[in-house]
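The values are calculated or read from the model by the stated rules, or taken from the named source; none is laboratory data. These numbers were taken from a predicted model, which means no experiment stands behind them. Cβ placement follows ideal geometry from the backbone for every residue including glycine, while neighbour counts extend to all protein chains displayed.
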Amino acid sequence: MTTHVTALMALCLLASLAGCQRQAPPATVPDSKADTGHGQPAESHDVTLTEDVQRASGITFATAAAKSMTGIIQATGVVTANESRVAHIRPLARGRILKVSVRSGDRVKKGQVLLTYDNIELGESVGDYLRAIGALQRARTELDLARRSLERATNLLDSGAIARAEADRRQAEFHNTETAVQAQQAEEARIHEKLHRFGLEEADIRGLIKANGADFHREVSISTLRAPFDGAILKAVAAEGETVSAEQELFTLIDTTTVWILADVYERDIASIREGATAAVTVDSFAGETLTGRVTNVSDSLDPSSRTAKVRVEVANLARRLKLEMFANIAIPTTQSRSALVIPATALQQIGGKPVVFVRESPTKFEAREVETGTQWPNWTEIVKGVSANDVVVAKGAFLLKSELAKSELAHEH
C-alpha cells in the first residue's frame, strides 16, 4: 500500500511540472530594429565616427542659433541674354553673298570674318567717287585759269588797256568757278565719308585714286562682315549666292559671359527691393551651388494679370554654364530684418530627396535629422523644424557622414 501511495505522488508531481511549462511565455530573439507600432521597423539614423577620423577629414561644427537676418524675397525667374551683348548683324548695303564662314552654334572671336559679299551699292559709290574726284580736278583747273585771267585783267585795267566791264566779267567768272570748286569738294567729301561707312580705310581710298582701274574697283567692292565681340552665333540665315539687303538680319551674335535673370516679384514686395543689392541664384542643374548676382533693374510697370513686376538680376557666367531659358530661383535681400534660427548652408545634405543635417549627440556619435527649411541666405539656412537652438551640427564635412550612413544602411540590408 505504501508503494502505491508513493507512485501516485510521483505522477502528480510530474503533471504539475508539465502544466507549469505549458504556461511559460515563448522566448524572444532580440532584433536590431524595434517595431514602431505601424508594422514597419524603425531604422537607426546614427553614425559613429572617431575623433581621429573627424580631425583627419576636416570636419567642423556650428551651433544652431537665432540671428538677426536680412529679410529675403524668394522669386523664380528665367535666364535671358544680356541685351547689351546681343548683336543683330546686317549687311551695310544690298549685295550678293560670296562666302559664309560661320554657322549657328559656332563660337567666334572679335574681328573674325563671318561673311563676304559683293557690295553692289559700294561698287556704285566707288564709281561715283572716282567721277567726283575727276570733276573736282577739272573744277580746280578751271579755277586756276579764271584766277590768272582775273590777274591779267586787273593789270590791264590799271594801264587802261581794257574796259571796266571786261574786268568785272572776269571777276564774276572767277567767283563762279570758285563756287563750283567748293560744291565739288562737298560732293567728294560726302562720297568719301560714305566709303568709310562701308568699311574702307584711307589707304583703300587712296588706292582707288591711284589705280582708278576696273580690277581694283571690283576688288574694293567686296565687303566683309566681322564679329563685333567674342561670342556665339545664335542664329545664321545666309547662303552663298543669295542676294541680301541692308534690312535683312544675317546673324545674331550673343555674348553669354554675363546673363540676365528676369524674376517675377509680387506687388507687395517691390518696395523692399533696391537696385544694386546682391542676390543669391540657384538652378536645378547645379544642385547645392549658389551663384551671386546683382539687382540692376526693377520694372516700372506691373503685369496686370499676375500683379508682378520684373526684377532683373545680372550674373557673371564666365564658364557659360547658365543656358538661356533655364529656370532659376532668386533670393533677393530686402531692407528689413528679422530673427531666425539658422545654421550654415553647408550643413544641409539631401538624403532621399529630403533635407537632412547631422546633429552631434556625443563626441563620436551623430544623428541624421530630417529638417524643414525656411529662408535661404547665401551662407545661412533657416531651420523651421528638426533642430533646436544650441544643437551642434556638422557644418563642414557632412558629406562624409552621409556616405557612412549609406554604407551602414547597405550593410543592414545584407
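Details
- Residue satisfying condition, being hydrophobic (A, V, I, L, M, F, W, C) and within 16 Å of Ala75 (Cβ to Cβ), within set Ala328, Ala368, Ala340: Ala328
- Here Val315 fulfils each of the conditions (1) of a type outside the set (D, E, K, R); (2) in contact with a Leu (Cβ under 9 Å, 6 or more places away or on another chain); (3) modelled with pLDDT under 95 apart from (3).
- Among the residues listed as Arg131, Arg103, the single one being of a type in the set (Lys, Arg), without any contact (Cβ under 8 Å) to a residue 24 or more places away in the chain and in the same structural domain as Arg197 (by TED's automatic domain parsing): Arg131
- You will find that of Val102, Val108, Val113, the residue that is within 16 Å of Phe229 (Cα to Cα) and in contact with a Gly (Cβ under 7 Å, 6 or more places away or on another chain) is Val108 and no other.
- Taking residues in the stretch 361-374 that are over 17 Å from Thr50 (Cβ atoms), and partners anywhere that are aromatic (Phe, Trp, Tyr) and surrounded by 16 or more Cβ atoms within 10 Å (Cβ to Cβ), the pairs with Cβ atoms closer than 8 Å and at least 6 places apart or on different chains are Ala368/Phe358; Arg369/Phe358.
- Residue check for Pro378: of a type outside the set (S, T, N, Q), modelled with pLDDT under 90, more than 19 Å from Ala65 (Cα to Cα) and surrounded by 13 or more Cβ atoms within 10 Å (Cβ to Cβ): no
- Residue count for the stretch 92-110, restricted to those that are crowded, with 19+ Cβ neighbours inside 10 Å, over 16 Å from Val237 (Cα atoms) and modelled with pLDDT of 95 or more: 1.
- Residues of the stretch 111-137 satisfying the condition of being over 43 Å from the mean Cα position of the chain (by Cα), buried (at least 19 other Cβ atoms within 10 Å of the Cβ) and among the small types (Gly, Ala, Ser): Ala132
- Residue list for the stretch 347-375, filter: under 30 Å from the mean Cα position of the chain (by Cα), surrounded by 18 or more Cβ atoms within 10 Å (Cβ to Cβ) and within 14 Å of Phe399 (Cβ to Cβ): Ala347, Leu348, Gln349
- Only listed residue being of a type in the set (Val, Ile, Thr), assigned to a strand (DSSP E or B) and at negative phi, chosen from Thr256, Thr252: Thr252
- Pick from the stretch 42-91, criterion in contact with a Lys or Arg (Cβ under 7 Å, 6 or more places away or on another chain) and part of a loop (DSSP other than H, G, I, E, B), ranking: modelled with the lowest pLDDT: Ala42
Residue-wise test of (1) assigned to a helix (DSSP H, G or I); (2) in contact with a strand residue (DSSP E or B) (Cβ under 7 Å, 6 or more places away or on another chain).
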position	(1), (2)
Ile133	yes, no
Thr141	yes, no
Arg147	yes, no
Leu150	yes, no
Ala153	yes, no
Ala161	no, no
Asp168	yes, no
Ala186	yes, no
Gly199	no, yes
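- Among the residues listed as Ile261, Ile233, the single one being modelled with pLDDT of 95 or more, over 30 Å from Thr334 (Cβ atoms) and either among the hydrophobic types (A, V, I, L, M, F, W, C) or not in a strand (DSSP E or B) (or both): Ile233
- Leading residue by the ranking (nearest to Thr334 (Cα to Cα)) among those in the stretch 44-98 that are basic (Lys, Arg) and out of contact with any Gly (no Cβ under 8 Å at 6 or more places or on another chain): Lys67
Quick grid of which residues meet (1) at pLDDT 95 or above; (2) touching a Ser or Thr at 6+ places or on another chain (Cβ under 7 Å):
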residue: Ala280; (1), (2): no, yes
residue: Thr292; (1), (2): no, yes
residue: Val295; (1), (2): yes, no
residue: Asp300; (1), (2): no, no
residue: Ala319; (1), (2): no, no
residue: Phe327; (1), (2): yes, yes
residue: Ser339; (1), (2): no, yes
residue: Gly353; (1), (2): no, no
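- Any hit, the stretch 405-413, residues being buried (at least 17 other Cβ atoms within 10 Å of the Cβ) and in contact (Cβ under 8 Å) with a residue 40 or more places away in the chain: yes
- Qualifying strands (runs of 3 or more DSSP E) (wholly inside the stretch 265-350; at least 2 residues being in the same structural domain as Leu405 (by TED's automatic domain parsing) and free of Cβ contacts under 8 Å to residues at least 60 places away in the same chain): 278-282, 291-298, 308-316
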